[in-house]
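Below is one structure, written out as C-alpha cells; the observations come after it.
The values are calculated or read from the model by the stated rules, or taken from the named source; none is laboratory data. All figures in this text were calculated on a predicted structure; none of them were measured in a lab. Here the Cβ is made from the backbone with ideal geometry for all residues, glycine too, and neighbour counts use every protein chain on show.
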Amino acid sequence: MSRITIENLSKKFDQKEVLKNLNLEVRAEEMVALLGPSGCGKTTTLKLISGLLAADTGDIKFDGNSVIELPTEKRGAVLVFQENLLFPHLNIEENIAFGLKMSGVEKKIRTSRVTELLELVNLPGYQKRMPGELSGGQQQRIALARALAVNPRVLLLDEPISNLDANLREEMRELIRKIHEEENMTTIFVTHDREEALLVADRIAVMKNGSLEQIGTPEELYRSPVNRYVANFFGQANYIRGCKLGDEFYPDCQNTELKHDQEAEKKLVMIRPEFLHLTKEEFSDSDLMVLKSKIIKRSYAGERIYYQVEADKLQDPLRVIDYNLSNFEAGEEVFLHIPLAKAAYLKE
Amino acid sequence: MFKKNIYRKIILYALIFLFAFPLLLLLVWAFSGRWPWPNLIAESFSLEGWRYFIDPANGAVESLATSVIIGVAVTFITLLISIPAGKAMGLYDFPGKGAVKILVLAPLIVPPLAVTMGIHINFMLLGLADKFIGVILVHLIPTLPYSIRIMTHTFEGLGDKFEAQARVLGAGPLQRFIHITLPLISPGLFSAGILVFIISFSQYLLTFLIGGGRIITFTMLLFPLVNSGDRMLAAVYSLVFIAAALIFTLLMERVLVNPAEKRDHFYI
Amino acid sequence: MFKFRFNKWYPYLLLSPALIVLFLLFLGGVILGLSQSLGYFPVLGLEEPTFKYYLEVWSSTEFLNSLVFSLFISFTSAILTTIIGVFFAYQLLKIKNKNRIINFLYKLPIIVPHIIASLMVFLILTQSGILSRFAYHLGLIEEIAEFPRLVFDKNGFGIIAAYLWKQIPFVVLMVYTVLKQINGSFEAAAKNLGASNSQVFREIYLPLTAPSIGSAFIIIFAFSLGSFEIPYLLGPTYPQTLSVLAYKKYISLDLTQRPYTMVIATSLTMITVILIMIYRKILSLISRYHL
C-alpha cells in the first residue's frame with residue numbers, strides 16, 4: 001500500500017482550468033475523501049492519479065517515486081467508476097479475476113482469490129451469475145471486489161455510495177470501512193455528500209474550483225476550518241469580525257486604541273451555534289467573551305431550541321442552538337457567552 | 001376505431017403482398033417448363049434450369065464460390081478498417097471531424113460508376129485490373145461508408161468507459177481489444193459484416209469494369225441472363241442468389257447477433 | 001509530454017487506414033475522372049487541360065436527352081417513393097404487432113439486388129408478363145400486342161417500377177424510425193385541442209419528420225441517378241439514362257472517346273453534389289426560420 005503525493009497538479013480542458021496547482025498527500029493505508037460540489041475537479045483528480053488522464057503540469061508520486069510517465073495499466077491505481085461498469089459479457093468470477101488474468105496469474109490462484117473476495121463483499125457463491133442478474137448494490141460490491149483482486153497500490157472510488165438507494169447506503173459505508181480495515185488499502189474516494197465523507201474517511205480533503213481548500217480529520221474541519229467555505233460546508237456557523245490582540249478579542253475592534261495599534265490583527269472568528277450559551281445572569285471567565293444581548297427569535301425543535309440573538313456590540317445577529325432547553329422568550333434580555341477556545345480564527 | 005385498424009391492416013398486408021408476390025413469381029418460373037402467354041400457370045414443370053445450374057461446365061457453382069471468396073475478403077478488410085475508424089468517429093472529437101464525416105458518407109451519394117471509371121486506368125497501370133485484388137479493392141468503395149457508420153454508432157453507444165475500466169485493472173492495449181472491446185462491439189460488427197458481405201455479393205458494375213471479364217462472380221452470370229430475357233434460367237440463378245444471401249444472413253444472425261441491435265441501418 | 005501529443009493524434013491514427021482507402025480509391029477516382037474529363041490524359045498523350053469536351057458533350061442532343069430522361073426518372077421515382085413510403089410509415093406507426101413486418105421490410109431490399117428487382121419487374125410488366133396474362137383472363141385484352149409497353153418504354157415506366165419496389169421499404173423504415181421517436185404526447189395534446197387525425201399528421205408528424213423525409217428523398221434521387229443496372233436492363237434503346245450512356249461509351253474501347261465518357265460520368269457526380277448542397281442550404285434555411 002502506497003503513500004500518494006500530488007504536487008502542483010494542473011489540468012485544463014479546452015482552456016478551462018479544472019485543476020489548479022493541486023497539492024495533496026495521502027498516507028499509506030489511509031482513507032481520504034475528496035469532498036466538493038460537482039465540477040470542483042475531484043473526479044478529474046482520480047483520473048489523473050489512475051493515469052486515464054494526462055496532467056498538464058505537476059507530479060504524482062507513489063511512495064516518493066514519480067508515476068507520471070507510467071501508463072495506466074502499469075500504475076496499480078485502480079479506479080472504481082460511479083457506474084460500476086461490470087463487463088456485461090463476463091460472469092462474476094471472470095469479472096473479479098479479470099485483472100489477475102491480464103497479469104498472467106494462474107487459474108487456481110485466481111479461483112481461490114475470487115472465492116475469498118466474494119466472501120469479503122458478502123456475496124459468496126455468486127461466481128457463475130451474470131452482471132445483469134444482480135441488483136445495483138450487488139454490482140457495486142462486485143466492482144469493489146474486482147478492484148481489490150489486483151491488490152492495487154491505491155484504491156480510487158468515484159462516488160461509490162451516492163448512486164445507491166438510501167437503505168443500501170449504510171450497508172455500503174460499513175462494507176467500505178470493513179474492507180479498508182481488513183485489507184489496509186490506501187483509499188481515495190470522491191463524494192459530494194458531506195455526511196458520507198464524515199462517516200467513512202480518516203481525513204477529508206475539501207476541494208473548490210480545482211484546488212484544495214483544506215485537508216484534515218472530520219473533527220479538525222468541523223472545529224477549525226481555515227475559511228468560510230470550509231466552515232459552511234460542515235454546518236452552521238456564526239461569524240464575528242474583530243481585532244485580536246494577544247489573547248483578547250475585540251468585536252468590531254471597538255476599543256478605540258486598537259485602531260491605531262499595529263499589533264492588533266484583524267480577524268474573523270467562526271463559532272458553531274451549539275457552542276454558544278445564553279444565561280439570565282452574567283458570569284465571567286477568562287476564556288469567555290460575554291456580550292449583553294436580546295433574543296430576536298425562538299424556534300422550538302424538540303430536544304433543542306434555536307435562538308437568534310442580537311448582541312449590543314455586534315452588527316449581525318448570531319444563531320444559538322441550546323440543548324439545555326433554557327426557556328427564553330423573544331425580546332428577552334440575556335447574556336451571550338462565547339467560549340473563544342472553541343472558536344476558529346479565519347483569514348478574511 | 002376498430003374499423004380503422006382493419007383498414008390499416010389491409011393496406012399493410014397489401015403492401016407486403018406487393019413486395020412478396022414477385023418473389024413467389026420467381027419461384028414458379030424457376031421450376032417451370034413451358035409457360036406460354038396467356039397461361040396463368042405453367043403448362044409443365046421441370047428441373048432443367050437447376051440441372052443447368054449444377055452442371056460444372058456452366059461454371060455457375062464456381063462463380064458462386066468466387067463471389068463468396070471476394071465477399072469474405074471484402075468483409076474482412078472493410079471491418080478491419082472500420083473498427084478503428086468507427087472508434088475515432090464514435091468516441092473522440094477532433095479538428096476536421098465534420099470533413100471526415102462527409103468524406104466517409106460521400107461514396108453513398110456519388111455514383112460508383114463515375115468513381116470506378118476514374119480510377120480504372122490507374123488500376124491498369126498498377127496491375128490491379130483484371131485481378132482478384134483489384135476487384136476486392138474497388139468493392140471497398142461502396143461498403144466502407146455503411147460499415148464505418150455502423151461501427152461509429154456502435155462505439156457511440158458503448159463509450160470508452162469499459163476500456164478505461166479494463167485499463168486501470170492492468171490490461172494492456174491488445175488485451176483490452178481482445179477481452180473487452182471486441183466482445184462488446186461484436187453485435188455491431190456482425191451487422192456491419194452481413195451488410196458488407198451482401199453489398200459485395202450484389203456488385204455487378206464495379207466487378208465488371210475492374211475485373212474486366214476475367215473475374216467471374218455470380219452476378220456476372222446472372223446479369224446477361226436477365227438481359228437476354230431467359231426467364232426460367234434467370235429465375236433459377238436469382239433464387240440461388242437470394243438463398244445464398246439469406247443463408248449467410250441467417251447464419252450470422254442466429255449464431256452471433258442480438259436482434260434488437262441491428263435495426264436502424266439501411267441499404268438501398 | 002509525449003503522451004499528450006499522442007492523445008491528440010490518436011483519432012487520426014485510428015482513422016488513417018480508412019482515410020488512405022477513401023483518399024486513394026474514392027477521392028482519387030473522383031479527381032482522376034475530373035482531370036480526364038478536362039482532357040488531361042497522359043496515357044493518351046493528352047496533357048493540355050481544356051473545356052472543349054464539356055462544351056461538346058453538354059451541347060449534344062444525345063447528352064441533353066439523356067440528362068432530361070435521367071432527371072425525369074430519378075425525380076418521378078423519388079417523389080413517388082417518398083409519398084408512398086411516408087404514407088406506409090405513418091400507417092405502420094398506428095398498428096400493433098408489426099415486428100415481423102418491419103423485419104421483412106428490413107431484409108428484403110438488402111437481400112434482393114437491382115438485377116433481380118429488374119427481373120421481377122420484367123416478369124410482371126412485360127407484354128408477356130403476368131399482368132398482361134391477368135388482363136387477358138379478365139377480358140381486358142385479347143392479344144399480347146394490346147397490352148401497353150410498360151418495360152423498355154420511352155417513359156421509363158419499368159425503370160420507375162423497379163426503383164419503387166427497391167426503395168419504398170427504405171423510406172418506410174427511415175421515416176418510421178423517426179416517427180417512432182416523436183413523443184406520443186404531442187399527438188394526444190393536439191387531439192385534445194381538437195385536431196383530427198389528418199390534421200395531426202399534417203401539423204405534427206409531417207413538420208417534425210420533414211428533415212428526414214428530405215434526406216430520404218435526396219438519397220434515393222442521387223441513387224437512382226447514378227444507378228446503372230436497372231435502367232440498363234429495363235430501359236429503352238433511346239433515350240438512355242446518363243449512367244447507361246456513360247457505360248456504353250466506356251466499353252466501346254475507342255480510347256479517344258474516353259474524355260467524352262468522363263464528362264458524362266463527372267456530370268453525374270456534379271449533379272449529385274449540387275443537389276446535396278442545395279438540400280443542405282434549404283435545411284439550414286428551414287431550421288433558421290423555424291427554431
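Any chance the stretch B:159-166 includes a residue that's more than 22 Å from the chain's Cα centre (by Cα), at the interface with chain C (Cβ under 7 Å from one of its Cβ atoms) and within 20 Å of C:Pro11 (Cβ to Cβ)?
First, pick out the residues of the stretch B:159-166 that are more than 22 Å from the chain's Cα centre (by Cα): B:159-166.
Now narrow it down to the ones that are at the interface with chain C (Cβ under 7 Å from one of its Cβ atoms): none.
No, the stretch B:159-166 contains no residue that is more than 22 Å from the chain's Cα centre (by Cα), at the interface with chain C (Cβ under 7 Å from one of its Cβ atoms) and within 20 Å of C:Pro11 (Cβ to Cβ).
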Can you confirm whether the stretch B:99-120 contains a residue that is surrounded by fewer than 15 Cβ atoms within 10 Å (Cβ to Cβ) and either among the basic types (Lys, Arg) or at the interface with chain C (Cβ under 7 Å from one of its Cβ atoms) (or both)? yes
Residues in the stretch C:67-101 that are over 17 Å from B:Arg8 (Cβ atoms) and surrounded by fewer than 18 Cβ atoms within 10 Å (Cβ to Cβ): how many? 7
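Do any strands (runs of 3 or more DSSP E) entirely within the stretch A:18-106 hold 3 or more residues that are more than 10 Å from chain B (Cβ to nearest Cβ), among the aliphatic types (A, V, I, L, M) and surrounded by 17 or more Cβ atoms within 10 Å (Cβ to Cβ), and if so, which?
On the way: elements: A:31-35, A:57-62, A:77-80.
It comes to A:31-35.
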State all residues of the stretch B:126-178 that are among the acidic types (Asp, Glu), outside any helix (DSSP H, G or I) and within 30 Å of A:Leu148 (Cα to Cα); if no residue qualifies, say none. B:Asp160
Residue set B:Ala42, B:Ala85, B:Ala65, B:Ala14; condition at pLDDT 90 or above and more than 9 Å from chain C (Cβ to nearest Cβ); output residue B:Ala65
The listed residue being more than 9 Å from chain B (Cβ to nearest Cβ), part of a strand (DSSP E or B) and under 27 Å from A:Val190 (Cα atoms), out of A:Leu157, A:Leu164, A:Leu148: A:Leu157
Which residues, counting only those in the stretch A:213-254, are loosely packed, with under 15 Cβ neighbours inside 10 Å and either hydrophobic (A, V, I, L, M, F, W, C) or modelled with pLDDT under 80 (or both)? A:Gly246, A:Asp247, A:Glu248, A:Asp252, A:Gln254
Considering only the stretch A:203-225, I want to know if a residue exists there that is in contact with a Cys (Cβ under 6 Å, 6 or more places away or on another chain) and among the aliphatic types (A, V, I, L, M). yes
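Right, A:Ile296: under 31 Å from the mean Cα position of the chain (by Cα) and in the same structural domain as A:Tyr250 (by TED's automatic domain parsing) or not?
Details: under 31 Å from the mean Cα position of the chain (by Cα): no; in the same structural domain as A:Tyr250 (by TED's automatic domain parsing): yes.
So A:Ile296 fails the test.
Look through B:Leu239, B:Leu182 and report the one residue that is free of Cβ contacts under 8 Å to residues at least 40 places away in the same chain and surrounded by fewer than 22 Cβ atoms within 10 Å (Cβ to Cβ). I'd like the intermediate steps shown before the answer.
Values: B:Leu239 fails: free of Cβ contacts under 8 Å to residues at least 40 places away in the same chain.
When all the criteria are applied, what remains is B:Leu182.
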Among (1) touching a Phe, Trp or Tyr at 6+ places or on another chain (Cβ under 7 Å); (2) closer than 14 Å to B:Ala171 by Cβ; (3) of a type in the set (Gly, Ala, Ser), there is one condition A:Ala54 misses while meeting the rest; what is its number? (2)
Which of the helices (runs of 4 or more DSSP H) found entirely inside the stretch C:109-208 contain at least 1 residues meeting this: within 12 Å of chain B (Cβ to nearest Cβ)? C:114-125, C:130-137, C:157-181, C:197-200
Taking the stretch C:239-291 and keeping only residues that are in a loop (DSSP other than H, G, I, E, B) and either more than 17 Å from the chain's Cα centre (by Cα) or surrounded by fewer than 23 Cβ atoms within 10 Å (Cβ to Cβ) (or both), one is left with C:Pro239, C:Gln240, C:Ile251, C:Ser252, C:Leu253, C:Asp254, C:Leu291
Unique match (being at pLDDT 90 or above and more than 16 Å from C:Ile168 (Cβ to Cβ)) among C:Leu140, C:Leu64, C:Leu80, C:Leu150: C:Leu64
Please determine whether any residue of the stretch B:34-47 is crowded, with 16+ Cβ neighbours inside 10 Å, small (Gly, Ala, Ser) and touching a residue at least 60 places away in the same chain (Cβ under 8 Å). no
How many of the residues in the stretch A:224-246 are touching a residue at least 40 places away in the same chain (Cβ under 8 Å), part of a loop (DSSP other than H, G, I, E, B) and not polar (S, T, N, Q)? 3
What are the residues in the stretch B:179-210 that are in a helix (DSSP H, G or I), under 18 Å from B:Thr75 (Cβ atoms) and at the interface with another protein chain (Cβ under 9 Å from one of its Cβ atoms), if any? B:Ser186, B:Ile194, B:Leu195, B:Ile198, B:Ile199, B:Phe201, B:Ser202
